[in-house]
Amino acid sequence: MRELAAQAKAERQALADEIIRGLGRPATALDRIAIESIASAAVRARQLRAQGHDDLEQQRLIAQLLRATGLRPDKAVPPKAEDFSAEMLRLATPPVRARAEADVPEGVAFNANPGNRTGEAGSQDEGGAA
């Protein structure tokens, strides 16, 4: 019995720590109390489900606690200007293969498979016969 209690305590603490990390901001004292209650109800719900029992009441309690506390992560921080610029440049730059194909003059066949000696893309494997 003590082993199960110790296991549940460890599960509650791990879940509470994960919720706090997910806040993206320092947790207040009220946050910690709410998080402890939510973690306790969540672990109890898991135990009930594992035993084949109904966990609806625990799920209701969790939803009520979440609504009552207004516990929400901090707003996402917008990306830095240089990160945004680098991402836009990456998205606007075509892949290497597409650039190479675009550089070939119109009417000239582009060999997309330079290892192919026949000049026809995909007509032979590197291993030999088709």
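Brief remarks follow.
- Of all residues in the range 26-84 being among the acidic types (Asp, Glu) and either outside any helix (DSSP H, G or I) or at pLDDT 85 or above (or both), the one that is nearest to Glu11 (Cα to Cα): Glu36
- Residue list for the range 7-21, restricted to those being loosely packed, with under 12 Cβ neighbours inside 10 Å and either at pLDDT below 90 or within 16 Å of Leu66 (Cα to Cα) (or both): Glu18, Arg21
- Test result for Arg90, at pLDDT below 90, under 30 Å from Ala6 (Cα atoms) and loosely packed, with under 11 Cβ neighbours inside 10 Å: no
The values are calculated or read from the model by the stated rules, or taken from the named source; none is laboratory data. Note that the coordinates shown come from a computational prediction; the quantities given were computed from them, not determined experimentally. Don't worry about glycine lacking a Cβ; one is built from the backbone with ideal geometry, like all the others, and counts go over all protein chains shown.
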